[in-house]
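See structure below.
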Amino acid sequence: MIKLIKHPIWFILFILLLFINLYSFFWARQIFSEPIQLKSLPSIEMDSKDKMILSEDTIKHFITLDDKNTKIKFKDHFIWIDAKSEFMTFDVHTKIKTTPEVIAPGMLALNIERIDIGQLPLSKQKALRIVDKYGDLPDEVTLDEENNRFIYTLGIQEIGDTKILLKKIDDEKAWHFDLKLKE
């Protein structure tokens, strides 16, 4: 038995395992220590004096998304994002609880209240770094890790001949828009 343990293959396997562990340690350290760069927020304005105020119940119908990998729901004044992705042949479920806030005309911030990635015990900051590095965010969405929020650039939305611009969400959870009709 001792002769088998002293065989040189065990030394080679030990060195190989040591290198794999060192590489994994430095890779994980790099992922969790990279700062996230935030793009500057553009200012969007529309020359209109017409206003439209929609209740939260009406907005629910426009925000709800239900596709193969992502579900977005409006519930109890929160926007819930449930996403499913595949990582190394495993299905990883991510649940994010956000509160909407208008930070500039046409700019919606989704302040992150809670984030759960595959039921792992991660801090909010580490989970956000993972979402930023591996998440498939749409082009209009950026992650502001410093303020724990997603920033969604809505811009001016066109519905037929009508243009709308989100201006604010008030304390009663009503959504205020500027409205411009084609003349």
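Whether a residue is among the aliphatic types (A, V, I, L, M) and touching a residue at least 40 places away in the same chain (Cβ under 8 Å) was assessed, and residue 154 passes this test.
Taken residue by residue, the range 73-84 has no member that is among the charged types (D, E, K, R) and in contact (Cβ under 8 Å) with a residue 40 or more places away in the chain. Scanning the range 139-146 finds no residues that are farther than 26 Å from residue 57 by Cβ, open to solvent by less than 30 Å² (accessible area, probe 1.4 Å), outside any strand (DSSP E or B) and free of Cβ contacts under 8 Å to residues at least 40 places away in the same chain. Of 90, 78, all but one fail to be open to solvent by less than 80 Å² (accessible area, probe 1.4 Å) and not aliphatic (A, V, I, L, M); the exception is 78.
Table: residues versus (1) farther than 18 Å from residue 110 by Cβ; (2) in contact with a Pro (Cβ under 6 Å, 6 or more places away or on another chain); (3) crowded, with 18+ Cβ neighbours inside 10 Å.
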site: 131; (1), (2), (3): no, no, yes
site: 149; (1), (2), (3): no, no, yes
site: 153; (1), (2), (3): no, no, no
site: 159; (1), (2), (3): yes, no, no
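Which members of the range 109-126 meet the condition of being modelled with pLDDT under 85 and under 30 Å from residue 167 (Cα atoms)?
First pass over the range 109-126, keeping only residues modelled with pLDDT under 85: 117-126.
124, 125, listed by residue number.
The values are calculated or read from the model by the stated rules, or taken from the named source; none is laboratory data. Treat the numbers as computed from the prediction; the structure is a model and nothing was measured. In this analysis, Cβ positions are derived from the backbone assuming ideal geometry, glycine residues included, and neighbour counts consider all displayed protein chains. Just so you know, the surface numbers come from the protein's heavy atoms only, side chains and all, with ligands and any DNA or RNA stripped out. Shrake-Rupley method; radii C 1.70, N 1.55, O 1.52, S 1.80 Å.
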